[in-house]
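Colleague: Please see the structure below; I have some questions.
The values are calculated or read from the model by the stated rules, or taken from the named source; none is laboratory data. Please read all numbers here as calculations on a predicted model, not as lab measurements. Backbone-built Cβ (ideal geometry, glycine too); neighbour counts: all protein chains shown. What goes into the accessible areas is simple: the full protein's heavy atoms, side chains included, and nothing from ligands, DNA or RNA. Shrake-Rupley method; radii C 1.70, N 1.55, O 1.52, S 1.80 Å.
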Amino acid sequence: MKFLHITDTHLGYHQYGLEERARDFFDVFEEAVELAIERKVDFVIHSGDFFHTSRPSNAVILQGIELVKRLNDAKIPVFAIAGNHDRGNRVKDVSPLHILKDLGLKLIEQGTVEYEGIHISGLKYLSKIAVRKLRTIRPILERFLENGKNSYFHILMLHQEFQPVFPDGLFISREIPEDFDYVGIGHFHEKQEPFKYSRGYVVYPGSTEFTAYSKNEDKVPKGVFFIEREKNRTEIEFVELKSRRPFIQYEFKEDEVDLIAERIKRDLEEIKDRRRKAPVLILNCEIDNLSLKELSTRLSKGGIVPDGENILYINFRLKRKETNKTSSVDISAKEIDIKKELRSLINDEELVDRVIEIIENARAIDSTDEFKKFLKENPELLDI
Ligand SMILES: [Mn+2]
């Protein structure tokens, strides 16, 4: 028995407002689908955030249909749960994944299905408030186990926040009963090494493309897990997706702009033959007097321009250097408080991080007009 574990494909994510980025999210998903067909897997599991939003555009719905249909034509069913991004707008609407149900996608909201002697259980994303009300999701998961009693192989799909990848997440050992053979978790976008959990494994494939939802995302490979089960042995192989776009991050100070321009040029030259797509640069710059406009002008003078061929896009993340020497400590303390306050107001960790990112950038911008322009150029900051 063979299957592919895909998660967090965020189909339809127009990162930075770019059509090319939306295409990238389709490309990697398509590569994963082709891999499933090539390796003749028995089925695919998808552990949430298939679509980037609960209201994907018609064009994006058609992309989703195309991918699921291709698997369906190869007689490969997809078992999926909804994530926080595509679960439907709170209580008012259903998940867009329902649209794909008759085309070969088996949507599991909360329960267990049997497929050729294998049991697949899934629980759609539950908000922090919902989890807090329940206090624990363990009884739900225990019922799943009951559904698949004496199962040859029992898979569990979840899209929740767990320790240690989410420092204030749920505890795996407290929440997840030990008798599942494979626990596939979505939501965390950095791929993790699978780890043994009693008789099974806990597996985080991470997102298939770069989303900037977690800190080290650009440092880990993007891909899917291929699982082969034969005579009580489970082989788990990570397969990297080659069509992802490269992201390169730089950190520098205002007086290092010319130096960094040189370094970027050298780095781009070095990877030129190995890459298929023009990279996105993320420039974390601590600025003192320079405005965003001046910074990008100086970089373009040094040859660093998003021309689509060598660089697709430059994402600036600016931090205003504090003039008062003692204030740096106060600022960070303030930031921690802001985060705490925001958390009590907003029930979504991603949104909290977005808002903080906007605040940080706003501190480095001088006027409302410049801020408006900045938001227009960085629509992904608001695209939750
Ligand atoms: Mn996600």
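Colleague: Give the carbon-plus-sulfur fraction of the accessible surface of the chain in %, rounded to a whole number; probe 1.4 Å, heavy atoms of protein chains only.
Modeller: 50 percent
Colleague: Under 5 Å between amide H atoms, partner at least 5 residues away or on a different chain: which partners does residue 287 have, H built in plane at 1.01 Å?
Modeller: For residue 287, the qualifying residues are 319, 320, 321.
Colleague: Roughly how many nanometres apart are two label points built 7 Å out from the Cα toward the Cβ at residue 220 and residue 256?
Modeller: Using points 7 Å along Cα→Cβ, the separation is 2.6 nm.
Colleague: Name the residues whose placed amide hydrogens come within less than 5 Å of the amide hydrogen of residue 115, ignoring near sequence neighbours (fewer than 5 apart) on the same chain.
Modeller: 120
Colleague: Roughly how many Å² is the accessible area per residue of the chain, as a whole number, for a 1.4 Å probe?
Modeller: Counting only protein heavy atoms, the per-residue value for the chain is 49 Å².
Colleague: Across every pair of different alpha-carbon atoms, what Kirkwood hydrodynamic radius in Å does the chain reach?
Modeller: After inverting the pairwise mean of 1/r, the radius is 22.3 Å.
Colleague: Here's something else I'd like to know. To make sure I understand the rule: partners must be aspartates and glutamates, Cα under 15 Å from the Cα of residue 128, and not fewer than 8 residues away in the same chain. Which ones qualify?
Modeller: Result set, ordered by chain and number: 161, 168, 175, 348, 349, 350.
Colleague: Could I ask something else about it? Roughly speaking, what is the stretch gain from residue 40 to residue 73, that is 0.36 nm per residue apart minus the C-alpha to C-alpha distance, in nm to one decimal?
Modeller: Computed gain between residue 40 and residue 73 is 10.7 nm.
Colleague: Right, something else. Which whole-Hz couplings ³J(HN,Hα) result when phi for each residue of segment 233-249 is put into the Karplus expression 6.51 cos²θ - 1.76 cosθ + 1.60, θ = phi - 60°, listed in order with x for Gly and Pro?
Modeller: Whole-Hz 3J(HN,Hα) from phi for segment 233-249: 10, 10, 9, 10, 10, 8, 10, 6, 9, 7, 7, 5, 8, x, 10, 10, 9.
Colleague: While we're looking at this one, here's another question. Which residues' amide hydrogens lie under 5 Å from the amide hydrogen of residue 170, considering only partners 5 or more residues apart or on another chain, with H built in the peptide plane?
Modeller: The list, which skips near neighbours in sequence, is 161, 162, 163.
Colleague: Short version: ³J(HN,Hα) in whole Hz for each residue of segment 341-348, in order, from phi by Karplus 6.51 cos²θ - 1.76 cosθ + 1.60 (θ = phi - 60°), x for Gly and Pro, what are they?
Modeller: After applying 6.51 cos²θ - 1.76 cosθ + 1.60, I find 4, 4, 4, 6, 8, 10, 9, 7 Hz.
Colleague: Roughly what % antiparallel, to the nearest 5, for the DSSP beta bridges in the chain?
Modeller: Taking every DSSP beta bridge with both residues in the chain, the antiparallel ones total about 35 percent.
Colleague: So between residue 274 and residue 240, what do we pick up on full extension, going 0.36 nm a residue minus the alpha carbon distance?
Modeller: Working it through step by step, the gained length comes to 10.8 nm.
Colleague: Let me ask something additional. With n ≥ 4 as the cut-off for DSSP H runs, can you work out [θ] at 222 nm for the chain, using -39500 (n - 2.57) per run divided by the number of residues, rounded to the nearest 500?
Modeller: When only DSSP H runs of four or more count, the value is -10500 deg cm²/dmol.
Colleague: Radius of gyration and Dmax for segment 232-281's Cα atoms, expressed in Å?
Modeller: Gyration radius and largest Cα-Cα distance of segment 232-281: 16.8, 60 Å.
Colleague: Given an 8 Å cut-off on Cα distances and at least 6 residues of separation, report the relative contact order of the chain as a percent.
Modeller: Contact order relative to length: 14 percent.
Colleague: Next question. Working out 0.36 nm times the residue gap between residue 168 and residue 340, then minus their Cα-Cα distance, what length gain in nm do you get to one decimal?
Modeller: Length difference between fully extended and current span is 60.7 nm.
Colleague: Let me ask another. Work out how far the C-alpha atoms of segment 204-308 reach from end to end along every principal axis, then list the three figures in whole Å, largest first.
Modeller: Projected onto the principal axes, the Cα atoms of segment 204-308 cover 65, 29, 18 Å.
Colleague: Across segment 251-261, in residue order, what do the Karplus-derived ³J(HN,Hα) couplings come to in whole Hz, using 6.51 cos²θ - 1.76 cosθ + 1.60 with θ = phi - 60° and x for Gly and Pro?
Modeller: Going residue by residue, I get 10, 7, 9, 3, 7, 10, 4, 5, 4, 5, 4 Hz, with x marking Gly and Pro.
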